[in-house]
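Step one of this worksheet: look at the structure below.
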There are 2 protein chains.
Amino acid sequence: MTVTADVCVLGVGLIGGSLMRALGPDRTFGWNRSAAGAGSATAAGFDVTTDLPTTLRRAAETDALVVVGVPLPALDAVLGAVAEHAPTVALTDVISVKGPVLDAVRRRGLDGRFVGGHPMAGTAHSGWDATDPDLFRGATWLVAADDDADPDTWGRVARLALDCGARVTSATSADHDGAVARISHLGHVLAEALALAGSRGGDLALALAAGSFRDGTRVAGTAPDLVRAICEPNRDALVEVLDECLVDLGAARASLAERGTLGPLVDDGNRARRAYEDAQTDRAGRESRPVEVRPGEAGWLEVLREAGAAGREVTPAG
Amino acid sequence: MTVTADVCVLGVGLIGGSLMRALGPDRTFGWNRSAAGAGSATAAGFDVTTDLPTTLRRAAETDALVVVGVPLPALDAVLGAVAEHAPTVALTDVISVKGPVLDAVRRRGLDGRFVGGHPMAGTAHSGWDATDPDLFRGATWLVAADDDADPDTWGRVARLALDCGARVTSATSADHDGAVARISHLGHVLAEALALAGSRGGDLALALAAGSFRDGTRVAGTAPDLVRAICEPNRDALVEVLDECLVDLGAARASLAERGTLGPLVDDGNRARRAYEDAQTDRAGRESRPVEVRPGEAGWLEVLREAGAAGREVTPAG
């Protein structure tokens with residue numbers, strides 16, 4: 001039996017490449033800008049070229065789902081090629097911010113069959129050599145629920161995520177971006193600041209650093225260009241969250257200096273961490289079954305958004 | 001052969017209890033305020049009572065090294081008992097801040113045979129049930145090098161740390177406190193702030209939270225009273241470091257809002273994290289042998305301080 005590859009991956013770095021490996025070479029083909037990356041993928045048995053027009057025409061002919069896995073700064077050029085060579089394909093992406101991607105897709109007139117996505121998985125490493133077929137196993141994969149989303153594409157993206165071993169949740173692109181500013185981008189900024197403060201203490205401080213410093217600065221080990229590509233496109237949401245955080249830290253600082261106590265921050269932070277742990281436990285125990293949704297049915301986007309706001313998994317019915 | 005127990009532990013919580021378990025029941029005896037903790041230790045085969053005067057008189061009679069393992073708020077009461085029942089014992093502590101401990105010891109007139117200590121190890125849990133005989137294995141244990149430190153006590157504390165599997169380094173209490181404000185206490189404050197920011201995003205944010213949020217908020221899982229007991233006594237150093245950090249974060253925020261880039265923080269933080277990783281690698285590879293010191297020899301405290309400032313291990317000669 002011949003299996004027709006139904007997923008076309010553009011950019012086979014950590015995320016796109018791991019996606020190919022999770023689905024296997026029979027279901028995927030792709031393109032990569034650098035010959036080195038394409039060569040590594042080819043050597044591993046995958047059909048990856050550096051010829052974008054040909055790859056896109058193949059996707060159009062076979063109605064493959066096109067997954068954009070390039071960093072945000074390279075997005076527009078890739079979308080330009082999609083608009084030229086495969087303007088009607090079903091389209092998704094795995095970029096870490098959703099509003100700016102949706103805007104770029106709309107500017108290229110490609111939003112008719114576009115549904116954004118974001119697998120919440122990664123490492124401090126990048127490129128094909130860092131790929132892992134199990135990268136998405138147990139991870140949450142956000143599949144966007146924006147107005148006028150194409151139901152067929154939504155279902156294909158959700159099944160793609162499930163096939164990679166991920167759990168699916170959903171929200172508008174704007175709500176996604178507000179949430180990831182809080183649980184990802186702010187953490188990057190704080191990790192950089194903590195690492196810097198530690199190193200200013202010289203070799204003595206680094207010699208005394210133990211597990212809390214190691215964990216608290218881990219993501220500062222991520223390549224600076226990648227950190228910027230992840231955080232900076234989410235400027236508006238991140239500035240808002242940074243302002244909140246600066247208020248919290250300023251209040252703790254003032255309280256410590258004036259009254260010798262860090263104030264409510266310690267209790268509030270501990271309560272927040274326990275809420276996170278409880279949410280993890282609930283998910284690990286799968287106490288709540290995924291919310292089934294029939295893409296395209298009346299009110300389906302509202303069902304998705306409500307489920308996401310409650311932190312619940314969703315799954316396409318049938 | 002009868003072994004005389006040479007270490008008396010006051011307070012058998014996570015640190016004091018782990019120290020007893022690392023050395024074993026033949027070398028240790030101790031006291032605990034709560035009968036529950038003492039009972040757990042006794043059930044595990046250790047000689048731990050709730051009778052502080054008797055325990056201290058035994059320490060004085062056998063010239064045991066007394067290790068104060070109570071939280072800082074309980075320190076002065078314990079030192080009062082030491083001054084009454086065992087005023088001339090060799091004394092150390094395992095409390096996470098050193099200047100305030102030294103001040104309290106001096107106020108009680110107990111500094112003649114006192115040398116402060118701080119094992120850089122811990123978990124988010126506390127009490128005897130959380131103890132681990134391997135807690136200190138590979139950890140750095142600071143043994144203080146303050147003016148007029150008693151050479152004999154210094155050597156005993158350093159050997160105690162080595163016997164627990166730790167690496168020893170040294171610095172003045174003031175330099176220690178400045179360093180731990182950077183690599184421990186600031187990290188606690190930032191972890192609380194990150195956890196709080198995440199939880200303000202509701203269930204969607206917590207569902208999207210992945211490894212970076214888990215690691216960045218880990219120490220926010222520590223009991224609030226313990227976080228305060230660790231951080232707040234180091235007020236002066238922590239306020240100074242918080243101010244530096246607020247400047248760094250404020251600059252990144254302004255740069256992001258005005259120019260769309262987080263600015264130099266990302267490169268500086270990444271460089272700092274790599275410096276930390278290099279320091280860890282050097283230590284793991286033991287590229288530099290410990291600096292040998294003969295406690296009491298002319299200039300020995302300067303040798304200790306120089307080694308500590310260079311992030312090097314030290315060891316008592318002979």
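The table for this structure:
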{"read-out": "7 Å along Cα→Cβ, label-point gaps from residue B:306 to other copies, nm, shortest first", "value": "7.3"}
{"read-out": "Karplus-derived HN-Hα couplings along the range A:38-48 (A = 6.51, B = -1.76, C = 1.60, θ = phi - 60°), whole Hz, x at Gly and Pro", "value": "4, x, 4, 5, 4, 4, 8, x, 9, 8, 10"}
{"read-out": "Percentage of interatomic Cα-Cα distances in the range B:131-183 larger than 18 Å", "value": "38 percent"}
{"read-out": "P(r) of the range A:176-242 over all Cα-Cα pairs, binned every 10 Å from zero, in whole percent", "value": "21, 46, 25, 8, 0"}
{"read-out": "Extent along principal axes [Cα atoms of the range B:97-164; Å; largest to smallest]", "value": "34, 22, 16"}
{"read-out": "With Cα atoms, 0 to 90° folded angle of helix A:300-309 axis to chain A main axis", "value": "30 degrees"}
{"read-out": "log₁₀ of I(q)/I(0) at q = 0.18, 0.19 Å⁻¹ - the range B:168-312, Debye sum with one point per alpha carbon", "value": "-1.28, -1.34"}
{"read-out": "Normalised per residue, the volume of the convex hull around the Cα set of chain A (Å³)", "value": "153 Å³"}
{"read-out": "Under-5 Å amide H pairs with residue B:114, H placed in peptide plane, nonlocal only", "value": "B:91, B:150"}
{"read-out": "5 angstrom amide H check on residue A:167, placed H, neighbours 5+ away", "value": "A:138, A:139, A:140, A:141"}
{"read-out": "Contact order relative to length of chain B, as percent, for alpha carbon pairs under 8 angstrom and 6 or more apart", "value": "15 percent"}
{"read-out": "Environment charge of residue B:233, counting only residues whose C-beta is closer than 14 Å and scoring Lys/Arg +1, Asp/Glu -1", "value": "-3"}
{"read-out": "Residue-by-residue Karplus 3J(HN,Hα) for the range A:20-29, coefficients 6.51, -1.76, 1.60, Hz, glycine and proline x", "value": "4, 5, 5, 8, x, x, 6, 9, 10, 9"}
{"read-out": "Part-to-part distance (alpha-carbon centres) for the range B:134-206 and the range B:229-272, which is given in Å", "value": "21 Å"}
{"read-out": "Label point 7 Å beyond Cα along the C-beta direction, distances from residue B:151 to other copies (nm, shortest first)", "value": "8.7"}
{"read-out": "Computed [θ] at 222 nm, deg cm²/dmol, chain A (DSSP H ≥ 4; -39,500 (n - 2.57); rounded to nearest 500)", "value": "-16000 deg cm²/dmol"}
{"read-out": "Using a 7 Å Cα-to-Cβ projection, residue A:294 label spacings across copies, nm, ascending", "value": "9.0"}
{"read-out": "The range A:176-242, relative contact order in percent, only Cα pairs under 8 angstrom and at least six apart counted", "value": "54 percent"}
{"read-out": "Contour minus Cα-Cα distance for residue B:57 and residue B:88 (0.36 nm per residue)", "value": "10.1 nm"}
{"read-out": "18 Å tail of the calculated P(r), the range B:1-116, as % of Cα pairs", "value": "44 percent"}
{"read-out": "Size of the protein assembly as shown as Cα extents on the principal axes (Å, biggest first)", "value": "90, 52, 45"}
{"read-out": "Per-residue HN-Hα couplings for the range A:127-142 [Karplus 6.51, -1.76, 1.60; θ = phi - 60°; Hz; x = Gly/Pro]", "value": "x, 3, 4, 8, 5, 8, x, 9, 4, 9, 4, x, 6, 8, 10, 7"}
{"read-out": "FRET efficiency, residue B:159 to residue B:274 (Cβ-Cβ, R0 41 Å, nearest 0.05)", "value": "0.75"}
{"read-out": "Residues of the range B:1-40 with amide N under 20 Å of the 7 Å Cα→Cβ point at residue B:50", "value": "B:9-14, B:16-17, B:29-40"}
{"read-out": "DSSP beta bridge pairing in chain A, given as percent antiparallel to the nearest 5", "value": "10 percent"}
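A short reminder: the numbers here are calculations on the coordinates, not readings from a lab. These figures come from a predicted structure and were not determined experimentally. Backbone-built Cβ (ideal geometry, glycine too); neighbour counts: all protein chains shown.
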